[in-house]
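For reference, the structure discussed in these notes is given below.
The values are calculated or read from the model by the stated rules, or taken from the named source; none is laboratory data. Everything numeric here is computed off the predicted structure, so don't read it as measured data. Don't worry about glycine lacking a Cβ; one is built from the backbone with ideal geometry, like all the others, and counts go over all protein chains shown. Calculation scope for accessible area: heavy atoms of the full protein, side chains included, ligands and nucleic acids excluded. Shrake-Rupley method; radii C 1.70, N 1.55, O 1.52, S 1.80 Å.
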Protein chains: 2
Amino acid sequence: MAARHEQIAAELRRAIRREEYPVGSRLPAETELAAQYGVSRGTVRQAVAALTAEGLIGSRQGARRVVLADHRSQSFGELRSFAQWAEAMGRTATGHVVSQEYRPATAEDAARLHLDQGVPLLNVLRVRGLDGEPVLIERTVYADWISPTVAALPPDCASVTQRLNEETGLVFAHGEHVIDAVAAGARDADLLALRRTSPLLRVRRVTTTHDGRPVEWSDDRYRPDAVSFTVHNSIANNALVRTTAG
Amino acid sequence: MAARHEQIAAELRRAIRREEYPVGSRLPAETELAAQYGVSRGTVRQAVAALTAEGLIGSRQGARRVVLADHRSQSFGELRSFAQWAEAMGRTATGHVVSQEYRPATAEDAARLHLDQGVPLLNVLRVRGLDGEPVLIERTVYADWISPTVAALPPDCASVTQRLNEETGLVFAHGEHVIDAVAAGARDADLLALRRTSPLLRVRRVTTTHDGRPVEWSDDRYRPDAVSFTVHNSIANNALVRTTAG
DNA sequence: TAGTGGTCTAGACCACCGG
DNA sequence: CGGTGGTCTAGACCACTAT
């Protein structure tokens, strides 16, 4: 059973989508919604906070909330594992290991995974695809304490995240992602069936457990015609806001 | 005077940075913090929610919060104007207009700005830099109702956002950003002093007022060696969304 | 000035984690 | 099992918006 505030958030999303609250219109006041759903104002605030974070509505002190959009930009792509994300999009994730070998931890490996330099770590190069079409190259380095388990996985495993969770209870709880762009190298071009120097969207990420212990880090390169990232933002404060020129 | 929960959030950030709560350690319980700061549990929860969103701490039902990092990188949640962002990084934003002309709204312009096709809109091409070095090309199209004001700005205006706010009270309240990568065209390469086909980090964005009315949309291309973006995410808590083309 | 969202309190119960 | 965070209530006052 989902929490009441989540149910209300879901109902509001549906109401917005079916244009009961059209884009540009104003949402009822918190107190009205509270009465309508038979909950306290705090619970309503939890619900609308979720929609605000999704960019569906905008909020300002003193003014009714405004409907900004009627859909999340490709909802549910929540930056989870590639396989989970693909499934949520109604597509099939594929993947296979191109190469897999132990190498001594480089200085960069040591820094990102909080390990000592020289420790043998599993380096895996995977190509992953949507409905069979390759869209992503992953170059992942695993911490020493998880390397053996990863090495034992079948080379065509569709969801490493899920398998590791099932087999060891490991949870990929947090991630830090740095996004930029790079030119495809010879290897990248070959694996993704592109020309060399084609632009690729790169995400370098470190994944950790609940308590912040690094599990893996990865250099992921996406075909930019197949995958992009979306983010909403709103101004936090009225610091810069000043109304009406004299 | 900042809200009490913001003061507490700020104190916790400082405490984490000075390693009173080192990375990997656990924060005191909510009730302890509440007693410590002389506030109710709800106020403490507002404060720690902010740190959670920033990726500084992790949260799970039943377990103490964990310190994940002692600093925060520039996050997408607070994507601001280029000038403000540069200032926050301690650098100086520069910029100048390369070309500026009215063109009839294309189908894409009309869709993104919610206007009719064919309406004359101001198209501006700007090069922007950090400390004088060019890092970004902006191709911006302004809605018809703001075009004249923008056209009248000085061509070397460092912060268009700020000038428009001062002169008309306009507030850039919301933004939606789609991030991918493209190869530099001949013009891009020339303006950024790069080779053609160099990879560029592209952000296509639509900016709106408080009530969701589009003000401008822009195709921004960054030199990936000069600018990248960082995003934190936790399981079931995500600002960033990954989307497929199409 | 009336209405609205933002903040804060002081309780309560439950789901979950850990030893 | 005790402790903890997640949820929810029913108030109160304040800051700000809109008219």
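Of the residues contained in the stretch A:102-125, one or more are found to be within 14 Å of chain B (Cβ to nearest Cβ), assigned to a loop (DSSP other than H, G, I, E, B) and surrounded by 14 or more Cβ atoms within 10 Å (Cβ to Cβ). Number of residues in the stretch B:126-139 that are of a type in the set (Asp, Glu) and open to solvent by 20 Å² or more (accessible area, probe 1.4 Å): the value is 2. Only a single criterion out of (1) away from DNA strand D (no atom under 15 Å from the Cβ); (2) away from chain A (no Cβ under 13 Å); (3) open to solvent by 90 Å² or more (accessible area, probe 1.4 Å) is not satisfied by B:His71, namely (2). Quick check on my filter: what residues within the stretch B:1-48 are outside any helix (DSSP H, G or I), within 9 Å of DNA strand D (Cβ to nearest atom) and in contact with a strand residue (DSSP E or B) (Cβ under 7 Å, 6 or more places away or on another chain)? Answer for the stretch B:1-48, where residues must be outside any helix (DSSP H, G or I), within 9 Å of DNA strand D (Cβ to nearest atom) and in contact with a strand residue (DSSP E or B) (Cβ under 7 Å, 6 or more places away or on another chain): B:Arg26, B:Leu27, B:Ala29. Of all residues in the stretch A:178-211, those being under 11 Å from A:Pro224 (Cβ atoms), among the small types (Gly, Ala, Ser) and open to solvent by 20 Å² or more (accessible area, probe 1.4 Å) number 1. Scanning the stretch B:203-226 for residues that are farther than 19 Å from B:Asp109 by Cα and within 16 Å of DNA strand C (Cβ to nearest atom) turns up B:His210, B:Asp211.
Under the condition of being open to solvent by 70 Å² or more (accessible area, probe 1.4 Å) and either modelled with pLDDT under 80 or closer than 13 Å to B:Ser159 by Cβ (or both), which residue from the stretch B:78-93 is farthest from the other protein chains (Cβ to nearest Cβ)? Of everything passing the filter in the stretch B:78-93, B:Thr92 is farthest from the other protein chains (Cβ to nearest Cβ). The test for being among the small types (Gly, Ala, Ser) and assigned by TED's automatic domain parsing to the domain that holds A:Pro148 holds for A:Gly90.
When A:Arg14, A:Arg91, A:Arg41 are screened for being within 16 Å of DNA strand C (Cβ to nearest atom) and among the charged types (D, E, K, R), only A:Arg41 passes.
Those helices (runs of 4 or more DSSP H) of the stretch B:133-246 in which at least 1 residues are within 18 Å of B:His96 (Cβ to Cβ) and at the interface with chain A (Cβ under 9 Å from one of its Cβ atoms), considering only elements entirely within it, cover B:160-168.
Of the candidates A:Thr161, A:Thr140, the single residue that is in contact with an Asp or Glu (Cβ under 9 Å, 6 or more places away or on another chain) and either of a type in the set (A, V, I, L, M, F, W, C) or over 30 Å from B:Arg196 (Cβ atoms) (or both) is A:Thr140.
If we keep just the residues of the stretch B:182-197 that are over 10 Å from B:Ile137 (Cβ atoms) and touching a residue at least 24 places away in the same chain (Cβ under 8 Å), which is nearest to the chain's Cα centre (by Cα)? Ranking the qualifying residues of the stretch B:182-197, first place goes to B:Val182. Per the conditions (1) within 14 Å of another protein chain (Cβ to nearest Cβ); (2) assigned to a helix (DSSP H, G or I), the sole criterion not satisfied by A:Gly55 is (2). The condition (being more than 11 Å from DNA strand C (Cβ to nearest atom) and open to solvent by less than 20 Å² (accessible area, probe 1.4 Å)) is satisfied by just one residue among B:Ile8, B:Ile57: B:Ile57.
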